[in-house]
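Read-outs throughout are calculated quantities, based only on the coordinates presented, and are distinct from any laboratory measurement. The model shown is predicted, which means the values in this text are computed figures rather than measured ones. Heads up, the Cβs are rebuilt from the backbone with ideal geometry, glycines too, and the neighbour counts pull from every protein chain shown.
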Ligand SMILES: [Cu+2]
């Protein structure tokens, strides 16, 4: 009797397992993050330039570019000693939190800033313990004191996922002790949720090649000031915390399927319309090139990057555009040419008399003639073409590195912030020529400040 019972148990267990394997989808995983709130020094325009046209950052925004902000910063583990790098285009945003529907998200939060802070999440499912917002209860996660820790646990349920047929969508997380002050300070970040079964192991959607996130937000640096505002003072119309095309890294390759996640946050002035030049995007099955955004709203659109070039990405609200809510994105041609020459070490700031720069012929043919252009970014933020020519010892043998000179040193080289050098034409010994397909192809930028933000595109040259 007992044996029969056990056998029956085994059959039942076997049937249950077989049923489970066939019908039950794989169990969700737990994705863990270590995120601190930290005060940082933020520069809204690190190049020092209005990069769309190569001008000074206009008044009043150019006067005060750097402010103390508070950001969410990701660390590799619970020691909070090693920062995890994030893509440069994320700018002021906190790290990307990812979940596939069915996953748990566990965020170990440490408050390394001076005030009380929390993380309140949109879109995921949570209980009161994990809501991270001050009102009506007194649980520890609502406001983490300076130096304090809290672990938030959220679940990506069916309602957290994208609309049927789509593979991912964006949500936001932000501080909610004093929400208007915290989001304005920079305590805001993205969550990407993928549909069940449509995520790569890292949580990103299987059907796209590249993702970008853009937060349209007017940061108000005078939010807590009691003085009446003078014009646009203190209002930074930013994309991910950068104004006037200073947002770096929106670079993709021709042919890629690119997903853009858009969001807005802020006040009644934060009514934005995201607009791309050069390409349309698909929004829930419909083609658009303007996507409206209200504070707290998120949108997800897809772009097929099939139109190579450098294109404007902006807010279409006129006042916002004038105030710098713009960036550029770049679609690299699918078969970029290799450069014929490469620029190496230069002595632009250490020179006693004349400038020297190394130039290497990367080709297998001798170079017979060289025309170079060099521009300087000078003290008052003007990009200026240098009138002096480079002396290039010719010919330059195949694979040879040679030292080229500009004998007449420009006055006050210490006032030069950067040099930009690129080839205009090269003539080879066999008579063939090379010239750039686009202005600045094969350029090298030298910055006096080694930590200067890289520029993805060549700004237009302005004669002072
Ligand atoms: Cu706008």
Taking the alpha-carbon set of the range 43-100, what are its Rg and Dmax in Å? 15.6, 45
Taking R0 as 51 Å and r as the Cβ-Cβ distance between residue 307 and residue 414, the FRET efficiency 1/(1 + (r/R0)^6), rounded to the nearest 0.05, comes to 0.75
Please list the three semi-axes, largest first and in whole Å, of the ellipsoid equivalent to the range 180-307, using sqrt of 5 times the eigenvalues of its alpha carbon gyration tensor. 30, 16, 13
Between residue 425 and residue 385, Cβ-based FRET efficiency (R0 25 Å, step 0.05) works out to 0.95
Taking the Cα-to-Cβ direction at residue 209 and at residue 398 and moving 7 Å from each Cα, how far apart do the two end points lie in nm? 3.3 nm
Cα extents of the range 191-249 along the principal axes, largest first, in whole Å, come to 54, 23, 13
Sequence-separation-based contact order of the range 123-268, relative, with Cα cut under 8 Å and 6+ spacing, percent: 20 percent
Run through every distinct alpha carbon pair of the range 247-353 and return the Kirkwood hydrodynamic radius in angstroms, one decimal place. 16.1 Å
More than 18 angstrom apart: percent of Cα pairs within the range 129-208: 53 percent
Whole number please: convex hull volume per residue of the Cα set in the range 30-332, in Å³? 132 Å³
Between residue 448 and residue 158, what's the calculated FRET efficiency when r is the beta-carbon distance and R0 is 56 Å? Round to 0.05. 0.55
So if I take the alpha carbon set of the range 332-392, get Rg, then get Rh from the Kirkwood formula, what is the Rg over Rh ratio? 1.02
At 222 nm, what value in deg cm²/dmol follows for the chain if DSSP H runs of at least 4 each add -39500 (n - 2.57) and the sum is divided by all its residues, to the nearest 500? -2000 deg cm²/dmol
Note the angle between two axes, namely the Cα long axis of helix 2-23 and the longest principal axis of the Cα atoms of the chain, as a number of degrees from 0 to 90, rounded to the nearest 10. 30 degrees
Between residue 288 and residue 88, what length in nm is gained on full extension when 0.36 nm per residue of separation is reduced by their alpha carbon distance? 69.3 nm
When the Kirkwood radius is taken over all Cα pairs of the range 341-447, what Stokes-Einstein diffusion coefficient follows at 20 °C and 1.002 mPa s, in µm²/s? 150 µm²/s
Relative contact order (%) - the chain, alpha-carbon pairs under 8 angstrom, separation at least six: 12 percent
Take every Cα pair under 8 Å in the range 341-447 that's 6+ residues apart, average their separations, divide by the length, and report that relative contact order as a whole percent. 31 percent
Residue exposure sequence - 283, 237 - by fewest surrounding Cβ within 10 Å: 283, 237
Considering the Cα trace of the range 169-224, what is its radius of gyration and what is Dmax, both in angstroms? 15.0, 46
Extending each Cα 7 Å along its Cβ direction at residue 334 and residue 43, get the distance between those two points in nm, one decimal. 3.8 nm
